[in-house]
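The values are calculated or read from the model by the stated rules, or taken from the named source; none is laboratory data. This is a predicted model, so every value here is computed, not measured. When we count neighbours, we look across all protein chains shown, and the Cβ atoms used for this are built from the backbone with ideal geometry, even at glycine. Remember, those area values only see protein heavy atoms, side chains included, never the ligands or the DNA or RNA. Shrake-Rupley method; radii C 1.70, N 1.55, O 1.52, S 1.80 Å.
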Amino acid sequence: MSAAANSSRQQTEAAEAFAGWLQGISGGSPVDAASSGTAQDWLAAERQQAAERVRAQAVPTGKSESWRYTGLRSLIDQGFVQVDEPLTALTPDDIEEVLVPGLDAHRAVLVNGRYSEALSDLGTLPRGVRVGSLQRMIESDPDALQGVLTRIAGEGSHLFASLNTAAMQDGLVLLLERGALLERPIEVIHLSVGMEEPRVAQPRHLISLGDGAQAQVIERYVSLGDALYCTNSVLEVSLGRDALLKHARVQQESPNAFHITSFYLSQDANSRYAGVNIGLGGIWARTDLVTRFSGEHAECDLQGLYLAGDKQLIDYHMDVRHGLPNCSSRERFKGILYGKGRAVFDGLVYVARDAQKTDAEMSNRNLILSANAEVDTKPQLEIYADDVKCSHGTTVGQIEPEMLFYLRSRGISASLARRMLCLGFAGEIIEALGPEALRDYVTEQVGERLERAPLD
C-alpha cells in the first residue's frame, strides 16, 4: 500500500473511531448548533475548523514519539459517544461524599461536563470577578470570549484537543478584570456519573486573569461510583501582566474511567503561575501541559505527584517553550508505582535563540514498589541560547531497606511503614497544594491507596 493510501486509510479510521465524540445535544453536529445563531460567527468558524482537523488527522500510534508509550486501542474499543443530555436529578446532598471536609472555597460544579447551577455554591464574588457556564456566556455575551477562547490552545497539540473544540458545548469560565483579587479559592468539581452507554464528556474551560489580578483555583475530577466513562477536557489559562494564579488539580476519576486533559497556559510579563497536579484515578489517564511566555520576567512552576497501581496507566507530557529572555520555569514531578502500574513522564523545555537569561529546571523522581511496575521517563532540554541556567534529571529507585527495617524493628507493620516512607517522599508536592484541608484530604487519599497496595 502506498504512503498516500495508508495515510488516507488512517484518516478514515480516525473519523470512524471518534464519530460518537462529535454528536451534539440533539444528535446533530455541534458545528450546526453553532451556526444556528446561538454563538457569533467566530465561534462557529472555530468549531468548523476543528471538525475539519479531526477529519484530516490520523489516530496517534506508537510511531508518534509523543504517543509512543500511550496506546489508544483500549480507549477506542470502548465506543464512547458524546453526553447528549444534562443530568439535573442530583441534589446537594448527593454530592456530599465527594466534598473535601473543611475546605473554605467558592464552589462550581460540573456534572458530566455540564455546569450545574443547582449544585454550585459561589456565594458573593468580589467586584471584577465573573464565574459561570461557558454555554450561558456564549448565548448571552459571546463578545466577552472573543479573542480569548481558543486563542491560547490554537489548533491544540493533538487529535483530542481538536475533538474537544469541535464538540464544545459547556464548561467553566472564570474571568478576572484588571486588579481583581479573589481572596477565597474557587473549587471546581468535575463530577462524572455513569450512564447506560459509555459516554464521553468534553468540557471546555477558560481562566483569564487581567493585569495584576490574583486568584486560587482548585480543580477536582471525581465520580459517583466506579462507572466506565471518558473525560476529554481542555483548559486555557491566560495571565496578564503581574497576574498571579495558584492552581491545584486533583484527578480522582473512577477506577474504570479514561481521562484526557489538555492544558494551555499563556503568561504575560511578570506574571506568576504555580500549579500542582495530583494523578490518582482512572484506568488510563493522560495530561498534556503546554506553556508559552508572551512577556519577560514571567515565572512558571509546575509540580506533580502520580500513583499508578495494577492496570493503571498515568501519563504526563510537558511542553514548556521559552521564546523570550528573562523567564523562569520549574517542573518537579514525583511518581509512586506498585503492582503492574505504568507511568509516563515526557517533558520538554525548549529555549529559543533569543531567550537569554532563561532559568529552567526539570526533574522527575520515581519510587518503584514492585518488580512489575514500570515507568518511562524522558526529561529533555533543547537549548539554542548561550546565556542560560538550565538543568534536568530523573531517578528511578526503591524504598531503602534500611529505612524500612528501622520502622519494622519498632513494631510498625510493613504496610504502614511503607505508607509512612512514601508519604515522606510525596510530602513536598502535597505541601504545595495550598489550603490545609486540601492537603490533609490528598494525604489521606494517597495513604489509603498505599495501604491497599500489594506488598510485592
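A few remarks follow.
- Semi-axis lengths (Å, descending) of the ellipsoid that matches the C-alpha gyration tensor of the range 186-254: 30, 12, 7
- Its alpha carbons give the range 388-456 an Rg and a Dmax of 14.8, 51 Å.
- Globularity ratio of the range 139-235, using Cα Rg and 2.2 N^0.38 Å: 1.22
- Each helix, a run of at least 4 DSSP H residues, gives -39500 (n - 2.57); summed and divided by the residues of the chain, these come to -6500 deg cm²/dmol at 222 nm.
- Long-range Cα-Cα pairs in the range 356-427 (distance over 20 Å), rounded percent: 50
- Between residue 104 and residue 124, residue separation times 0.36 nm minus the direct Cα-Cα distance comes to 5.9 nm.
- Rolling a 1.4 Å probe over the protein chains gives residue 42 an accessible area of about 40 Å².
- Relative to its Kirkwood radius, the Cα radius of gyration of the range 62-131 gives an Rg/Rh of 1.15.
- Mean-position separation - Cα centroids, the range 369-386 and the range 403-418, in angstrom: 31
- For the range 102-173, the equivalent ellipsoid derived from the Cα gyration tensor has semi-axes of 24, 16, 12 Å, listed largest first.
- Rounded accessible area of residue 137 (nearest 10 Å², 1.4 Å probe): 20
- D_trans [Stokes-Einstein, Kirkwood Rh over alpha-carbon pairs] for the range 299-345, 37 °C, 0.692 mPa s, µm² s⁻¹: 268
- For the range 346-362, 3J(HN,Hα) per residue [Karplus equation, 6.51 cos²θ - 1.76 cosθ + 1.60, θ = phi - 60°, Hz, x = Gly/Pro]: 10, x, 10, 10, 10, 10, 6, 4, 8, 8, 5, 6, 6, 10, 9, 9, 10
- Inter-centroid distance (Cα atoms) of the range 434-456 relative to the range 153-204, Å: 26
- Rg over Rh [alpha-carbon atoms, Kirkwood Rh] for the range 38-188: 1.01
- In terms of the mean number of neighbouring beta-carbon atoms within 10 Å, the peptides 388-401, 183-196 order highest first as 183-196, 388-401.
- Of all beta bridges that DSSP places with both ends in the chain, some 5 percent have antiparallel geometry.
- Over all Cα atoms in the chain, the spread is summed up by Rg and Dmax: 21.7, 71 Å.
- Listed by chain and number, the lysines placed with their C-alpha closer than 21 angstrom to that of residue 334 are 246, 311, 378; residues fewer than eight positions away on the same chain are left out.
- Over the range 256-393, volume per residue of the alpha carbon convex hull, in Å³: 78
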